[in-house]
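Computed from the coordinates by the stated procedures, all read-outs in this text should not be read as laboratory data. Remember, it's a predicted structure, so these values are computed and weren't measured experimentally. Positions of Cβ are generated from backbone atoms using ideal geometry, with glycine treated the same way; all protein chains shown enter the neighbour counts.
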Amino acid sequence: RFGHCEAQLHCPPFTDAHEARARKVADLLRQFGLWDDREFVTVEIDAQTFVVVDVGMRMLTPRELFNAQGFPPDYVIEGVWRQDGDDWTFTEFPKTTQVRCVGNSVCPPVAEALARANAAYLMELEDVA
C-alpha cells in the first residue's frame, strides 16, 4: 500500500549559542572565495531566511568515485580473481586500496577522447579494412 505522507520541520531559532559555529562556516567559505564579507552565511527558503551553522560532508564510496571518473557501472573494483592450479579464489580489496586505485586512474572518457583526437587516422584505417 502507498500513502501520502507530509512532514513539517521546525527549525530552532538562531541564538547567541549558534553564532560561533555560524562564523566558522562563513570563514570556511570565505577562505575558498565562496562567500562575501557578510557576517553569516544565509539561505532563503520560502521567503524565510536561515543562517547556516554547520556544513555536513561525507566521503564518497569507492563505487561513487569510480562512477564520477567515468568508469562503467560493471567495472570491477572490489577485488581480483586469482588462479591456483584448478582453483579460483577471489581476493577482496580493502576500501583504502579501492580508493587508492581510483586516485591513480585515468578517466576512460578522457583517455578515449585523447586517443580519438590524436589517432583518428588509425580508426579510419580500421574501418576500411
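Between a residue in the stretch 78-94 that is in contact (Cβ under 8 Å) with a residue 24 or more places away in the chain and any residue that is acidic (Asp, Glu), which pairs come within a Cβ distance under 6 Å, given they are 6 or more apart or on different chains?
Final answer for the pair search is none.
Just give me the residues in the stretch 22-60 being closer than 30 Å to residue 102 by Cβ and touching a helix residue (DSSP H, G or I) at 6+ places or on another chain (Cβ under 8 Å), in sequence order.
54, 55, 60
Hey, among 70, 85, which residue is of a type in the set (Gly, Ala, Ser) and within 25 Å of the chain's Cα centre (by Cα)?
None of the others qualify; the one that does is 70.
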